[in-house]
């Protein structure tokens with residue numbers, strides 16, 4: 001972003017959001033897998 005004499009850089013991709021989203025998907029996948037394994041044992 002350019003305003004007068006100031007220039008601010010913003011990345012096109014927010015890596016922090018991608019990492020957080022990946023962690024959430026991994027946690028949900030782990031919980032689902034654990035639930036499925038418990039059902040098979042019972």
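The numbers here are math on the coordinates, done by the rules we state, and not lab data. Worth saying up front: this structure is predicted, and the values here are computed from it rather than measured. Note that each Cβ is placed from the backbone with ideal geometry, even for glycine, and that neighbours are counted across all protein chains shown.
A few remarks follow.
- In this rough spin-label picture, where each label sits 7 Å from Cα along the Cβ direction, the residue 12-residue 34 distance is 3.9 nm.
- Where only DSSP H runs of four or more residues are counted, the chain gives -23000 deg cm²/dmol as its mean residue ellipticity at 222 nm, each run worth -39500 (n - 2.57).
- Alpha-carbon gyration tensor eigenvalues x 5, square-rooted, for the chain, Å: 45, 5, 4
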